[in-house]
Amino acid sequence: MLETALKGTKRYWGLLAAFAVVMGIGFLIYLKQFDFGLGITGMSRDVSWGFYIAQFTFLVGVAAGGVMVVIPYYLHDYKKFGKITILGEFLAIAAIVMCLLFIVIDLGQPMRILNVWLHPSPGSVLFWDTIVLNGYLFLNLLVGWIVLQSERNAVPPPKWIKPFIYLSIPFAFGIHTVTAYLYCGLPGRHFWMTAILAPRFLASAFAAGPSFLILLCFIVRKYTKFDPGKDAIQALSKIVTYAIIANVFFLVCEVFVAMYSGIPSHMDHIKYLYVGLHGHGALVPWMWASVILMLLAIILLVNPVTRRNESVLMAACIFVFAGTWIDKGLGMISGGFVPSPLHHVNEYIPSVLEVVLSLSVWAAGFFVLTILFKMAVSIKEEVNA
Amino acid sequence: MENSRRKFLKVAGASALGMGMAGTAVRAIASGSGNKPKTMKNDNALTAKHWGMVIDTRKFKSHKDVQKLIDVCHKIHNVPDFEYLGEHKQQMHEIKWMWEEEYKHAFTDLNYKYVNKRVEHLPFLVLCNHCENPPCVKACPTKATFKRDDGIVSMDFHRCIGCRFCMAACPYGSRSFNFRDPRAALNLKEETVSGFPTRMKGVVEKCNFCAERLAIGKKPACVEASNGAIAFGDLEDPESDVRKLLESNYTIRRKQGMGTEPSVYYIV
């Protein structure tokens, strides 16, 4: 099936070339970081995780979001998702590739990465995160490949693949739950120490993932002969609606508990993010932008008239994606580190090199995504022809 | 005929190779169980069931008193000084095993408006608490950070992958990450001390209760230099200095409510 990715239009190759150029720039920056150390980033002794880990956290959500097409199709026999499950699975693969890259570029000693498996430490959540992430990657590769191949050969998928499909569902929930457990089990980090961190992560995941998938469906419909179907897109948009409402609801719960209890160590992080703390508030405009984007999206999505209008839906999906990205890819990690456990306020601002390297990892993800989508779409066009 | 002979040779070669490898594996397993590498102990080594520290803050009057101990610690452990980078970068990339904090930062949960003025401005020495339940050890995905039988929370700088999970896990900010090559700063001042390894970039480090000194019968450097202001001993020995001090004085520990059970106590 890979051969379908080897012949394409000029636009296809141009797109891949553009991503490759950004990846190349990122590679050069990574060489610089490899040589100098993580000191080229904006991270510090007090904010020891930054942009890389935040992107990783957000993208685990995008990957997990793929399950929102798998569940209706395979568990509820919702036929209209049959056409797009492969897109959801391939999006998950590209997102996991980005996650793994972000973990690797965040390591101080990346050459020693296999120590995680040479000296397995079941007490460490990070150990389990590597297991579920790689497991989910493997499951999606296997399921996506086999199902697409069957579709090409006009035969139903083999029976033995079913258990793997069912297994991928708990794995999808697993990757984001375990990722939340990285944070919420740490004493002294009160911003993350909340039992709804994992549910909140899942809610934002099930908003961000499917909203991105809707945008991809629009792109596929516009530029190829494959139409994911109006009904499938509308059904996805309802999933996004529920998920983004749940996400904002969880955020309200967090803010209520911290502010009403009045416990300073819990309030300080929220104050830092939304109003600033001791004169420091680099993230304040961003966090409010996130709130406004998510609220606007809810208004546009809840109302059936606006939701059914595809241009409005497109805008709403962009709002959801941007809003949840700021919430998780920007605020969630540095918000947990400021103030420090010793109540020092040292802010984190990512460096230019750090941002460009992160962008290049995104480019690598889009590179993989383009190839995978090209394969899926070519085969769908071939079958329909 | 020719063909089958070639096949035979191939199979024979592969089996010989396989047997050779199996032999090596068997020998490796045998030597592993037969004569395990032994850890030799120095006859003078100081030992304890649970090392602990009691810092008598009444004996520290000024910044100078604590800075002296910090300098001793950082000197013998080859902790780099990034002063030449300027204040901002120095603060971001700082490595510190032991440092000075104000009361409100050292004891975040015990601070209040009318706290005694002497205590409020006292220079508090803070360091790794060598917790009985160390969150950093739990978080480490490679066992590069581990707790020894004597309670010391130690580190293997060669195993650390630099994921910094331990830094997020530590509620005391006791861990530093080498964001840049620490040897560059040491070479600059030509002040590398032999007796303790320098580190490389990309690994985490922290106070080790001077495990390398205990091993040859010496108390931690800060204890030695403190003129009796810091006591060090076995918390499980009722006759030890630290237990006697804990018996006769009211002491506090940092973030008592976390359940980490620090091994460093403060008399205020």
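A quick yes/no check of all residues on (1) farther than 24 Å from A:Val320 by Cα; (2) more than 14 Å from chain B (Cβ to nearest Cβ); (3) of a type in the set (Asp, Glu); (4) within 17 Å of the chain's Cα centre (by Cα):
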| position | (1), (2), (3), (4) |
| --- | --- |
| A:Met23 | yes, yes, no, no |
| A:Gly42 | yes, no, no, no |
| A:Ile53 | no, no, no, yes |
| A:Gly61 | no, yes, no, yes |
| A:Gly88 | no, yes, no, yes |
| A:Ile113 | yes, no, no, no |
Among (1) free of Cβ contacts under 8 Å to residues at least 60 places away in the same chain; (2) more than 14 Å from chain B (Cβ to nearest Cβ); (3) under 19 Å from the mean Cα position of the chain (by Cα), which single condition is A:Val178 missing? (2)
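To keep it simple, each residue is scored yes or no on (1) surrounded by 19 or more Cβ atoms within 10 Å (Cβ to Cβ); (2) at pLDDT 95 or above; (3) not in a helix (DSSP H, G or I).
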residue	(1), (2), (3)
A:Val355	no, yes, no
A:Leu359	no, yes, no
A:Ala363	yes, yes, no
A:Ile371	yes, yes, no
A:Val377	yes, no, no
Restricting to the range A:223-271, give me the number of residues that are open to solvent by less than 60 Å² (accessible area, probe 1.4 Å) and either out of contact with any strand residue (DSSP E or B) (no Cβ under 7 Å at 6 or more places or on another chain) or small (Gly, Ala, Ser) (or both). 30
For A:Val147: the one exception among (1) surrounded by 16 or more Cβ atoms within 10 Å (Cβ to Cβ); (2) farther than 22 Å from A:Val383 by Cα; (3) out of contact with any Lys or Arg (no Cβ under 6 Å at 6 or more places or on another chain): (2)
Within the range A:328-353, the residues that are in a helix (DSSP H, G or I) and charged (D, E, K, R) are A:Lys328
Any idea which of A:Leu137, A:Leu186, A:Leu141 is buried (at least 20 other Cβ atoms within 10 Å of the Cβ) and more than 13 Å from chain B (Cβ to nearest Cβ)? A:Leu137
Tell me which of these A:Leu296 doesn't satisfy, since it passes every other one: (1) over 17 Å from A:Pro210 (Cα atoms); (2) open to solvent by less than 40 Å² (accessible area, probe 1.4 Å); (3) among the hydrophobic types (A, V, I, L, M, F, W, C). (2)
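Okay, residues lined up against (1) out of contact with any strand residue (DSSP E or B) (no Cβ under 8 Å at 6 or more places or on another chain); (2) open to solvent by 20 Å² or more (accessible area, probe 1.4 Å); (3) of a type in the set (Gly, Ala, Ser):
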{"site": "A:Ala5", "(1), (2), (3)": "yes, no, yes"}
{"site": "A:Ile25", "(1), (2), (3)": "yes, yes, no"}
{"site": "A:Lys32", "(1), (2), (3)": "yes, yes, no"}
{"site": "A:Ala64", "(1), (2), (3)": "yes, no, yes"}
{"site": "A:Leu107", "(1), (2), (3)": "yes, no, no"}
{"site": "A:Arg112", "(1), (2), (3)": "yes, yes, no"}
Which condition number in (1) away from chain A (no Cβ under 14 Å); (2) under 22 Å from the mean Cα position of the chain (by Cα); (3) open to solvent by 10 Å² or more (accessible area, probe 1.4 Å); (4) not basic (Lys, Arg) is the one that B:Phe232 fails? (3)
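The values are calculated or read from the model by the stated rules, or taken from the named source; none is laboratory data. The shown structure was predicted, so the numbers you read here are calculated from the model rather than taken from an experiment. Cβ: placed from backbone, ideal geometry, glycine included. Neighbour counts: every protein chain shown. With ligands, DNA and RNA removed, areas are computed over all heavy atoms of the protein, side chains included. Shrake-Rupley method; radii C 1.70, N 1.55, O 1.52, S 1.80 Å.
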